[in-house]
Number of protein chains: 8
Amino acid sequence: VRKPTVAILMGSDSDLPVMAEAARTLDEFEIPREVIVTSAHRSPERTVRYVRRAKSRGLRVIIAGAGGAAHLAGVVAAHTTLPVIGVPLASSDLAGLDALLATVQMPPGIPVGTVAIGKGGARNAALLAVSILALTDRRLAARLERSRREMAAMVSERSRRAPAALAKLLAETSPKR
Amino acid sequence: VRKPTVAILMGSDSDLPVMAEAARTLDEFEIPREVIVTSAHRSPERTVRYVRRAKSRGLRVIIAGAGGAAHLAGVVAAHTTLPVIGVPLASSDLAGLDALLATVQMPPGIPVGTVAIGKGGARNAALLAVSILALTDRRLAARLERSRREMAAMVSERSRRAPAALAKLLAETSPKR
Amino acid sequence: VRKPTVAILMGSDSDLPVMAEAARTLDEFEIPREVIVTSAHRSPERTVRYVRRAKSRGLRVIIAGAGGAAHLAGVVAAHTTLPVIGVPLASSDLAGLDALLATVQMPPGIPVGTVAIGKGGARNAALLAVSILALTDRRLAARLERSRREMAAMVSERSRRAPAALAKLLAETSPKR
Amino acid sequence: VRKPTVAILMGSDSDLPVMAEAARTLDEFEIPREVIVTSAHRSPERTVRYVRRAKSRGLRVIIAGAGGAAHLAGVVAAHTTLPVIGVPLASSDLAGLDALLATVQMPPGIPVGTVAIGKGGARNAALLAVSILALTDRRLAARLERSRREMAAMVSERSRRAPAALAKLLAETSPKR
Amino acid sequence: VRKPTVAILMGSDSDLPVMAEAARTLDEFEIPREVIVTSAHRSPERTVRYVRRAKSRGLRVIIAGAGGAAHLAGVVAAHTTLPVIGVPLASSDLAGLDALLATVQMPPGIPVGTVAIGKGGARNAALLAVSILALTDRRLAARLERSRREMAAMVSERSRRAPAALAKLLAETSPKR
Amino acid sequence: VRKPTVAILMGSDSDLPVMAEAARTLDEFEIPREVIVTSAHRSPERTVRYVRRAKSRGLRVIIAGAGGAAHLAGVVAAHTTLPVIGVPLASSDLAGLDALLATVQMPPGIPVGTVAIGKGGARNAALLAVSILALTDRRLAARLERSRREMAAMVSERSRRAPAALAKLLAETSPKR
Amino acid sequence: VRKPTVAILMGSDSDLPVMAEAARTLDEFEIPREVIVTSAHRSPERTVRYVRRAKSRGLRVIIAGAGGAAHLAGVVAAHTTLPVIGVPLASSDLAGLDALLATVQMPPGIPVGTVAIGKGGARNAALLAVSILALTDRRLAARLERSRREMAAMVSERSRRAPAALAKLLAETSPKR
Amino acid sequence: VRKPTVAILMGSDSDLPVMAEAARTLDEFEIPREVIVTSAHRSPERTVRYVRRAKSRGLRVIIAGAGGAAHLAGVVAAHTTLPVIGVPLASSDLAGLDALLATVQMPPGIPVGTVAIGKGGARNAALLAVSILALTDRRLAARLERSRREMAAMVSERSRRAPAALAKLLAETSPKR
């Protein structure tokens, strides 16, 4: 078992279904990762203790997902100089707008690279970590580029199927005006 | 000199002109206070150290003002069981909406009593602290009630002067349509 | 039966399922409370009558939850110098943003300590009341601190279980891209 | 001197320059009016006392302007069955969005007819009052209709002058791209 | 059959379930009303024709409900000097915020009294119409005041039942933290 | 088979059910169209290649629908001088507000004509294309005008049925207050 | 003098400085245009009369700019099948967000192609009109493409000068942290 | 002269005063950088050409700042697997909210690490780049940590001076209520 190089933190275990997308993506690229539930507010000391040891334990990127007044990524960034990526989660009534602003509007001095709200953001957080790690890992860089090409190919393939899918939709549904 | 019972924290000394309103209000009620500049992000350890000692130093209420991804009140609340009052500041491009959401949308377990954005909020943070302290200080309670009556009287007085002020305004300005 | 020290007001009985969270929390800490349905708009006189008598009846903190143009907490605060805590409720089409702004943006002079929208906010309103009462109740303070430690322990416990839960999720679900 | 038929209430005398627009408009239509500064929060009893006596004093429409957590119109509406028109004011950092939501999102049972934020809203509040009074005052109705025709004529006149004004603008300013 | 005194306009028959609340409310007060589906955009000429004849047909108040870029109330107000009440509907993806702004932010000169988004707003539009008609109908005024008292009594009654309802809720549900 | 004159682009095949409305509308007017799935981000080269050839292939209008950080219409517009119509899609947590702003707020120099979020917008994108093509196609212009008249007639027809539909609704549902 | 092919409508002559940008742009491309001040609300009949005659007078595209509850473009679109381009103006307290939503969120059936808020939007409205007219005017199409190339060249030129401009800025200003 | 390792791109030279903050920060850490003005919309080919060559030219991180419908960072990210950091700029009427959403809400597959709106965000973009480069540069890592300590010390120093600054403020200004 290789030591983890990316940590995936989340404020609550109810965030797991969304943040799993980050884990799945790192697994695709065979990047060892660990998953930690820790809250900036409910377990602040544990959070700080974890973050302070992150670098010496070999971690290189920290991904932090949280909802509402999402302070987790900011608190993590305050205690490490490792790159920190924040994933705002739509767990409150405000659809993630609160989490987005609380994650991205960091004061000068303590950066958090923020990605989109929710599952797509969790995937992109992992891909941003991959792109950082790929700077010094030629094989990973090649794999990332291959993944991009596959993605483009998949879009082409879906486009090829679109006319038939559309014809089916138009036949089935009645007009909405 | 009496020991401070209320702490006024702010994330940056550029917040001083707004947070001064909280100090001025506590001074009106002769409540000893102290003013600390400390950031949840730029001086996290100092913030935590300060907050952990607050209770034993005799502080009873903590007021925390911050702008942007305003984590200060939340981080303070995570490290103390004293009542924490958050003042969102309009120091970013988003007019304080970011600070408001980052202060008020705290997760269950760690409360922050949030007041209005800016100077009016800073005054109200102090008044809320006064109302808490007045629960066990009859003289303070009486003073707070007197202050309310004076405020109502001042509104009456301003109303009395309004017709004349209005007449002047109408005479001076040309219609805007 | 002890006399209530915290009042939980709400604008409509349809708010009960959310505001119940405040009652449950106060019950956890064995703080006597009472629950009142009264509207700033539909029963304004009853609201004012209730609030004016609150202090002499021994109440020490008032929690008020309302949705839409949520004036309840503000109207309560206008008639008492007791600490007032406002809970914005997401009962309109605007997901509680209206209730949040109508509760928190109080003018200087009349403070309302506002908490998060919805159930989490209701719990935090009660915890803020507990932290206020704990200022003069050593046993309550100890209990509040114990509750914080239990919360942190629960987060640790959930973190311990997270890798297994994640593995299960990853095995079950197909990738979403 | 005729008894006032329309009351213009505002939460603070700093609202006078905006609310003056309502007074000016009522003066244009020779509708007797009075101007009162009274706050839903800072002088709640005076507000209620005033509103309760409004009908018997001969008032027929109440206009209420307030900013921030603008409760004034709602509190007025809660204590009278006269038509109440709310003017949201942009006096906080949130540009009047808070005042708009706090004025318009009233619960079923207590209506407030809300107009636009600021000076234009103040004028329209007066015009809506005029249209209500004109239902039973044929001369006023005729005058209102004449005013509409004059307004349309003024637009035509301005359109006639637009090409020249535009030519001047284009000659003076350099292109912005 | 009495001639209608209030018109309820809506932009689409899909708005009927919401706008029905206005009809129901007028029926409670035995105010004759008519319901018209007409769009500011899809049937502009019919809308204008209807509005121009409204006054001479005996109508005294026009209620207009629309969603999205809700222009109906504004277009109606542009063609009549009768009081116009706008009901923003949450029929687009933006939860009625678009309809609210498109209804309330009218330019100076053409007022629309706007009420809350959705069903509660539809009820309040009718009640505002009742309050306008009650200015010259003593029996209607008395009925409106009685309705207010009944509403207050209903709140009291619900408050009386709240403790039992709460106890049931607390017994049934498990804590959510 | 006639060559397509309108292209319907979308960023993902999951947008097909919404964008189908544009296809259906063009089919109503017998305007030949083609449907392409291509992403500004995931298949940028394919997008650019397609757009660059559009004009010479006989396309005259390009409709582009995308959600989230919706760059598709903007990227298309950057590579062609054909008229480009953008349809913001509500595929993220922010209900299409992100897509709307990312589509409409184009910098001076590169225009995108933006329509409403979602299905209604997709239909209108097609109708705007029709109105552009109708400038030089008298038969199409006549058909478009007939379609407008039919739409107005349908609104009248629905209005005729509204009283009966309302009566049914009022009989069925109980009041909501 | 050639007959105008593009009309630039605006709701108020105070919009002229912004809408002038559309005129200037059309002048650049030597497209004859006319400028009309007419309001959807204050001069509705004149607006409709103008729009109905537009097509037969030889106009081919209508640009309409308005602020607040910006109904002008929608009302224009309701009365013509010519392509209509809406420019939202930031003339209210809400920075043009109201005008944007009131312009873009049109119901299915009546399209308005909406551009960015303000001056940049006014320029793009004109450029979109140019791209529509260029569909059947080869010389105009060539000119539009040349304009695009010049724009790209200007960006390159500015980029060439950027390092020197930056060095000057860095030398002059002190760091802001 | 060392080859640049970080590129700072911006959509317009009017963004230079804000993006200069990123350059200044990289200069502090002696990281070679280059500054490019290029637009996703006005010079799309140049943008793509630049980005495609970035990696082979030795660049390791790309920072992209843009306002309005800010597509620059997304378009850059679509054409490279290097880490891309987006800086939303407040150059439109919407105070940067449009740029924030257009930068951060990227679809799964193409990540952009987004920082705060404006100057603070520009500084943090550079610091995030530093933290990425520091992963493989021990001296840079040490320097980054020293910078953090200096920042914390500066906060302490400012806190020390705060009481005197506050006293001065309180003496000078009159109370605002």
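If you roll a 1.4 Å probe over the heavy atoms of the protein chains, what accessible area per residue do you get for segment D:1-148, in Å²?
28
Could you report the buried accessible area between B and D, both sides summed, computed with a 1.4 Å probe and given in Å² to the nearest 100?
Numbers: alone 10710 and 10680 Å², together 19550 Å².
The buried area between B and D, both sides summed, comes to about 1800 Å².
In whole percent, what relative contact order does segment D:7-79 give with Cα contacts below 8 Å and a gap of six or more residues?
42
If you find the alpha carbon centre of segment H:14-37 and of segment H:131-177, how far apart are they in angstrom?
22
Using the alpha-carbon atoms, what tilt in degrees (0 to 90, nearest 10) does helix D:44-54 show relative to the longest principal axis of chain D?
Compared with the principal axis, the helix lies near 90 degrees.
With 5 Å bins from zero, work out the P(r) of segment A:1-107 over every alpha carbon pair and list the percent per bin.
2, 14, 25, 25, 20, 10, 3, 1, 0
What percent of all Cα-Cα pairs in segment F:86-177 falls in each 10 Å bin, counting up from 0?
The percentages, shortest bin first, are 14, 24, 25, 27, 9, 2.
Count the DSSP beta bridges whose two residues both fall in the protein assembly as shown, then state the antiparallel fraction as a percent rounded to the nearest 5.
Working: 4 of 148 bridges.
Antiparallel bridges: around 5 percent, rounded to the nearest 5.
Output the relative contact order of chain G, whole-number percent, from Cα pairs under 8 angstrom with separation of 6+ residues.
Relative contact order, chain G: 19 percent.
Which of rounded, prolate or oblate describes segment G:30-69 when judged by the alpha-carbon gyration tensor and an a/c cut-off of 1.5?
Values: a/c = 2.59, a/b = 1.43, b/c = 1.81.
Judged from the Cα gyration tensor, segment G:30-69 comes out oblate (a/c at least 1.5, b/c at or above a/b).
Could you work out the mean count of beta carbons from other protein chains within 10 Å of each residue's beta carbon in D:62-68?
Numbers: counts 0, 0, 0, 0, 1, 2, 12.
Mean number of neighbouring Cβ atoms from other chains: 2.
Taking each residue of A:133-146 in turn, how many C-beta atoms of other protein chains fall within 10 Å of its C-beta, and what is the average?
Details: counts 3, 3, 10, 3, 0, 0, 0, 1, 3, 1, 1, 1, 3, 0.
Across the residues of A:133-146, the mean count of other-chain Cβ atoms within 10 Å is 2.
Taking the C-alpha atoms of segment C:1-54, how large are the radius of gyration and the largest Cα-Cα span, Dmax, in Å?
When restricted to the Cα atoms of segment C:1-54, Rg and Dmax are 11.8, 32 Å.
How large is Rg/Rh for segment A:119-165, to two decimals, with Cα atoms and a Kirkwood Rh? Provide the component values of the computation, followed by the final result.
Working: Rg = 13.9 Å, Rh = 12.1 Å.
Ratio value, two decimals: 1.15.
With chain D treated as a Gaussian network of Cα nodes joined by springs under 10 Å, which of D:MET106, D:MET154, D:MET19 yields the largest mean-square fluctuation?
D:MET154
Compute the helix-to-body angle for B:138-172: its Cα long axis versus the longest principal axis of chain B, expressed 0 to 90° and rounded to tens.
Taking the Cα atoms of chain B, the angle to B:138-172 is about 40 degrees.
Quick one: dipole size for the protein assembly as shown, taken about the Cα centre, charges +1 on Lys/Arg Cβ and -1 on Asp/Glu Cβ, in debye to the nearest 20.
I would put it at about 0 debye.
Under the Kirkwood approximation for Rh and a Cα-based Rg, what ratio Rg/Rh is obtained for segment A:20-177?
Working: Rg = 19.2 Å, Rh = 17.6 Å.
Radius of gyration relative to Kirkwood radius: 1.09.
Using r as the Cβ-Cβ distance of E:ARG149 and D:ASP137, and R0 as 30 Å, what FRET efficiency do you calculate, to the nearest 0.05?
E(calc), rounded to 0.05, equals 0.45.
Output the direction-averaged projected area (hull surface divided by four) of the convex hull of the alpha-carbon atoms of the protein assembly as shown, in nm².
Average projection, Cα convex hull of the protein assembly as shown: 49.6 nm².
Counting only other chains, and only Cβ atoms inside 10 Å, what mean value do you get across the residues of F:22-32?
Rounded to a whole number, the mean comes out at 2.
Efficiency by 1/(1 + (r/R0)^6): what FRET value for C:ASP27 and C:ARG49, r their Cβ-Cβ distance, R0 = 30 Å, to the nearest 0.05? Show your work: numbers first, answer last.
Values: r = 27 Å, r/R0 = 0.88.
Given R0 = 30 Å and the Cβ-Cβ separation, E is 0.70.
Considering only protein heavy atoms and a probe of 1.4 Å, how much of the accessible area of segment H:76-166 is carbon and sulfur, as a whole percent?
Looking at segment H:76-166 in its full context, I get 51 percent from C and S.
The values are calculated or read from the model by the stated rules, or taken from the named source; none is laboratory data. Note that the structure is predicted; figures quoted are calculated from it, not measured. Neighbour counts run over all protein chains shown; Cβ positions are idealised from the backbone, glycine included. Note: areas computed on protein heavy atoms with side chains; ligands, DNA, RNA excluded. Shrake-Rupley method; radii C 1.70, N 1.55, O 1.52, S 1.80 Å.
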